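Here the structure is laid out as structure tokens; the discussion comes afterwards.
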Amino acid sequence: MAMTRREAFKNLAKGTLPILAAGCVSAVLPQVAHAEEEDRLEANPKYHKTDPAKALGLLYDATRCVGCKSCMVACSQYNELTPDTRQDGIHQAPPALNSYTKNIIKLWRSEDGSDHSYFKQQCMHCIDPGCMNACMFGGLQKDEATGVVWWLGSKCVGCRYCEIACPFHIPAFQWDGFNPKIVKCELCRTPMAKDPTKKQPGCTKVCPTNAVIYGTRPELLKEAKKRIADNPGKYYQSKVFGEHDAGGTQVLYLSRVAFDKIGLPDVGDDSIPSGLKYSHMAYKWLALPIALYAGMVYFAGKNFKDHSHHLAEEQKETGLRAQL
Amino acid sequence: MTRWERSVPVYGIPVLTRGFWGLCLFIAFGLVLTGYREVVGLGASVSGMSDPYAWGLWKTFNVMVLTGLGSGGFAVGIAAWVFNNKKLHSVMRVALLTSALAYWTGLAMLGVDVGRPWNFYWVIMPWQWNVSSPLLEIAVCMSLYASVPLLLENLPPIFEYIIYEFPKWRGVAETCEKLMAKVYPFIIGLAYILPMMHQSSLGALMVLGGKRVNVLWQTPCLPLIYVWAAAFLGYNCVTLCLLLAKLSWKRDLDPVVMAELNKITVYLIYAWTAFRFLDILVRGKILHVFTDGYFSFLFWVETALILGSAYVLSTEKGKKLSTMFNAHLLCAVGGMIYRFSPTTLAFSAKGSSFYFPAMAEIIVCVTFIAIAVLGYLVAVKYLAILPGTNADWNKMAKYEEKVKPGIQLTGYAPADH
């Protein structure tokens, strides 16, 4: 044999160690230079493709909503969903968003009954969606042109990680049946594509008070800020929910009562995927895992050789077959 | 004083006991229920899961908790092979078997849990991966680990069995053994890096849970704390298996190896607890340790079980076998609660929603654990897994050669001499 195993490992180490060292350094260094915005983009490369000026969304103004629920009916009609009448067998009265319901109007009432507000729930179409970051194979997609987050059944394994990762509890799973689907608001992208006469989602089309309107995110944001400026003190914290929350959402909310009362939890301004930025660092170009692997193979190889010698000697001594 | 020198099968005890058939019956019933779940879906008749609590026992216990317990192959192996702790080689086979059974049943459980398993084939197409998904990392690394390094590492006892019991195949088995010896360092390297990656990603999973996971658990360091917990859980599991072997089959214990296992467990736990407190302190949430009601209580239950057991193990009292057993058991319970908390116990979904597993869910969960237990009981009787002495082997050989005339278990001479 031209080269002993020990030499082979030595050579291997000589060849790989400088690369590994370089890898380790580069795994950490580029991150230092990264702006926060860049981190977010990197977490979700598909976001690059949506032009923020063209990202579509909704503006829901809870102060204008009269709780007529026509948007719920329209949503079912547009999306060809079976109305959820399980409550009493007659009325479409789902208790929450579920696999029959992509859009819901709920009522918040203060404990003494003196104050109330209606509120609407549907997908927020996050700029950097947690659900999409969670999904293994891209079962949740962000439309390149509109930024709408939609479900692609052929890529979905049914793991329900999207439900864990969505801070707004939006994706709903069909719990019954052998071929379950994820059901969520897709801003009527399918009905609008099927029927070109439909120019906007069902909910905004039928809303009698224009409590929910449809448009591009910059337009909607401008309108929301105009309403706040025109009505000082009317809106809670004079804030547009979704401008920054969860890294920014394409669906925006205005409310007179606190946002957490109308189903919008305090999720902070960081996008959900940004929580993983340290984990992503450890995986940058797989440098750290490869370095660790090479290091462990080197030491394990050395120790394995010694151990094999020891085993062979024992076998000779005892006449009992060596065990690995 | 006993010194473990080699692995010896459990002999002289029938495999097909009444307990064996009882377990089989239970498993058969559980598998029928599993089939029922495949037909009707995951609704209320089968599971307690709902949209707010989308993950139930099958993921949160069978995978998140039990693969932690099955991390012995990785945690003990790394100490033995990479850090050259020679004392631990004798318990490697126990560690590897428990790991394999925990991982294989865990992955099977995952297949039952997901709603659309037929779409899993995308996993073999790397260009379809969403590389920023922690679950993708788990899907890839865990299936790769369970199907390649973990499988290969468990082959030597099987080769050995073939060599003794089927002399006709001895040549083939020995060739395989030699091939394996050539690449073994590369295999075990994989067997350590892959679990490091996916056991930490199991923690990363819940980072996306955001504020729904209580602040005492939710941290960017969750991946590190999670894989660390897996490491000491692996030691707990291996030690418990050895102590149980003493209890049920009167296998002698090697006090030096047991002391080594205890020592490493204790150090892992002290460092783990210190790191966990440090993390909470740095994040400025240390007051939550006292002020968060139920969550603070849960935190202290975990800490008391884990740290208390480690302390007992480090004292003289910990050398008494019954105390050692109880300490490892309570420590394992604490560690399991820790691994269970972020997904379930310390996870607050919206409003008044609540998760409690359905009866069928619990039965299926236990069924897959029973499969692992059954596999363990059969394997240690056929294969040389549990550690013993050369004298034990000679005794076993005498017994087996009487029962099965024609097989030869001693006086081995390599074929090429």
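What the table shows:
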quantity	calculated
Tabulated pairs, the range B:1-17, first within 11 Å of chain A (Cβ to nearest Cβ), second of a type in the set (V, I, T) and in a loop (DSSP other than H, G, I, E, B), C-beta under 6 angstrom, 6+ apart or interchain	B:E5/B:T389; B:S7/B:I385
Some residue of the range B:142-156 being within 9 Å of chain A (Cβ to nearest Cβ), closer than 25 Å to B:C365 by Cβ and crowded, with 21+ Cβ neighbours inside 10 Å	no
Yes/no for B:V40 being among the hydrophobic types (A, V, I, L, M, F, W, C) and closer than 21 Å to B:A230 by Cβ	no
Filter pass, B:G284 being loosely packed, with under 15 Cβ neighbours inside 10 Å, assigned to a loop (DSSP other than H, G, I, E, B) and at pLDDT 95 or above	yes
Among (1) surrounded by 22 or more Cβ atoms within 10 Å (Cβ to Cβ); (2) free of Cβ contacts under 8 Å to residues at least 40 places away in the same chain - the single one B:T239 does not satisfy	(2)
Single condition B:Y267 does not satisfy, out of (1) among the aromatic types (F, W, Y); (2) part of a helix (DSSP H, G or I); (3) touching a residue at least 24 places away in the same chain (Cβ under 8 Å)	(3)
From the options B:P185, B:P126, B:P117, residue that is facing chain A (nearest Cβ under 8 Å) and over 30 Å from B:I363 (Cβ atoms)	B:P185
Residue selected from the range B:81-92 under the condition part of a helix (DSSP H, G or I) and facing another protein chain (nearest Cβ under 8 Å), by the criterion nearest to B:D252 (Cα to Cα)	B:H89
Qualifying residue in the range B:289-303 (condition: crowded, with 20+ Cβ neighbours inside 10 Å and among the acidic types (D, E))	yes
Residues of the range B:23-50 satisfying the condition of being without any contact (Cβ under 8 Å) to a residue 40 or more places away in the chain and within 14 Å of chain A (Cβ to nearest Cβ)	B:G35, B:V39, B:V40, B:G43
The range B:146-165, subset touching a Phe, Trp or Tyr at 6+ places or on another chain (Cβ under 7 Å) and touching a residue at least 40 places away in the same chain (Cβ under 8 Å), residue nearest to B:M109 (Cα to Cα)	B:A146
From the options A:V267, A:V251, A:V240, residue that is within 21 Å of the chain's Cα centre (by Cα), modelled with pLDDT under 95 and not acidic (D, E)	A:V267
Selection within the range B:102-111 - surrounded by fewer than 22 Cβ atoms within 10 Å (Cβ to Cβ) and away from every other protein chain (no Cβ under 12 Å)	B:W104, B:L107, B:A108
A:T209 vs. criteria surrounded by fewer than 23 Cβ atoms within 10 Å (Cβ to Cβ), of a type in the set (S, T, Y) and under 24 Å from A:L187 (Cβ atoms)	yes
Evaluation of B:A54 against (1) in contact (Cβ under 8 Å) with a residue 60 or more places away in the chain; (2) within 23 Å of B:P223 (Cα to Cα) (one fails), failing number	(1)
Qualifying positions in the range A:298-324 - in contact (Cβ under 8 Å) with a residue 40 or more places away in the chain and at the interface with chain B (Cβ under 7 Å from one of its Cβ atoms)	A:G301
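The values are calculated or read from the model by the stated rules, or taken from the named source; none is laboratory data. Since the model is a prediction, treat every value here as computed from it, not as a measurement. No Cβ is skipped: glycine too gets one built from the backbone with ideal geometry, and neighbour counts run over all protein chains shown.
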